[in-house]
Amino acid sequence: MTHDSEMQILSSAIYNIDNFNELAHQDPDIFTTYKSKLLFDIFRKLFKDNIQPDLTTIGLRLENEGVKKQVIDDIIISLSNMRPVYDFTGLLNEYKKRMFIAKIGIASKDLSKPIDEKTRNDLIDSINDYREKSNVSCSSVISLDKSDINIDETYKRVQYVHPGYDILNKKMRGFFRGQLITVAARPGIGKTTLMLNIAKKVSKNTGRVVFISMEMLFEELYSKLLSSESDVENWKIETLKMDNEERARVNLANRELLKLPIDIYNESNFSSISSIIRKYNGSAKLIIIDYLQLIKGSKGENQNLRIGNITTELKQLALKTRTPIVELSQLNREIEKTKRKPQLSDLRDSGSIEQDSDVVIFLHEEEFDFSVIVAKNRKGPTGEIDGMMFEKEYSRFTERRFSI
């Protein structure tokens, strides 16, 4: 698997200038296979010449170095087959740790026997060298299991935000850093409510959430949060028609909500929204925008072009800040006439919504049947999610618990 791991790192530096710059400053010794060493040497030379690598340039440079055609073909195919990663630094550091642990394992295979002075000095030099290059503590390195790094834990720690609903998480495997997620539905189906519920759960369990709304004022959004937290119907909170027991529950819910790191903004200008996202610089665990079609772009801009430019920019912001961004979206009005379940072609105003989104989720309600549909998912399966219930009067989504 060493070859694949090294090719994954090298391929992630293609077309991404930040990844390329970071990789170019690494020690050549982190790569162990012949092809990876060849490729990294080409990368270093391209960096020195201030040239961003692509497959064509890499192939030509390898050819100029006198590398055999079969080897060049193998390298290009390996790079082409690799998928991009959203947390390059995390991937690189995890790989360096793994290789370091393997090196220690080779240096001290049998700890039951005395270690000769040369082996001992090599081991100490390896640890000190790694600490100096990686800027990590020795204790954090040697606490890792040399035989098996826990990939699932690394995956969660580095890239992964649990949405707060187990059945949603099981299908999507959560929100990843750098992802653009689109949640779309007809008006009144619960887009805002679902994302407020997710915002509350993520802020409780993971960290700060940013909610940018163009459709509802802060007071309306907060009323929904209070309703979902207190079990008091939303209309009673908005009209203040509560009895003493309900008022006490709302006051208790308010105290709990005030502890949560949820930042709510009312902003519709895209340049301002972009500034808000950049301000957090990756410190927010999740950013939610409600909703896409209400974002204001340049004056006189065609609607399709405007939406396309916005989704492309949001995707780039997600990658740059390494934060999952959820954009809410309307569906085409044609679906109102049919009442059928939505499809990707029903996304309103621009094909770039589907193109730029890593995940597309539809909410659909038909009589007493409510469904959540994962229509696109670059990192996992698609299909309907059973067991989500929309309790509209309490502005709340819940999971149906099945008994065995």
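The values are calculated or read from the model by the stated rules, or taken from the named source; none is laboratory data. None of these values were measured; they are calculated from a predicted model. Ideal geometry is used to build each Cβ from the backbone, glycine not excepted, and the neighbour counts take in all protein chains shown.
Brief remarks follow.
- Check on residue 306, of a type outside the set (Val, Ile, Thr), part of a helix (DSSP H, G or I) and surrounded by fewer than 18 Cβ atoms within 10 Å (Cβ to Cβ): no
- The stretch 216-249, subset loosely packed, with under 13 Cβ neighbours inside 10 Å and within 28 Å of the chain's Cα centre (by Cα), residue nearest to residue 264 (Cα to Cα): 218
- Residue 375 meets the conditions (1) of a type outside the set (Asp, Glu); (2) touching a residue at least 60 places away in the same chain (Cβ under 8 Å); (3) buried (at least 21 other Cβ atoms within 10 Å of the Cβ) in every case but one. The failed one is (2).
- Per-region count, the stretch 42-73, residues within 31 Å of the chain's Cα centre (by Cα) and closer than 15 Å to residue 7 by Cα: 6
- Here residue 228 does not fit the description of being assigned to a loop (DSSP other than H, G, I, E, B) and of a type in the set (Gly, Ala, Ser).
- Filtered residues of the stretch 250-282 (kept if of a type in the set (Asp, Glu) and in contact with a strand residue (DSSP E or B) (Cβ under 9 Å, 6 or more places away or on another chain)): 263, 267
- Some residue of the stretch 244-265 being within 22 Å of residue 310 (Cβ to Cβ), of a type in the set (A, V, I, L, M, F, W, C) and free of Cβ contacts under 8 Å to residues at least 60 places away in the same chain: yes
- Here residue 218 meets each of (1) modelled with pLDDT of 85 or more; (2) farther than 18 Å from residue 389 by Cα with one exception, condition (1).
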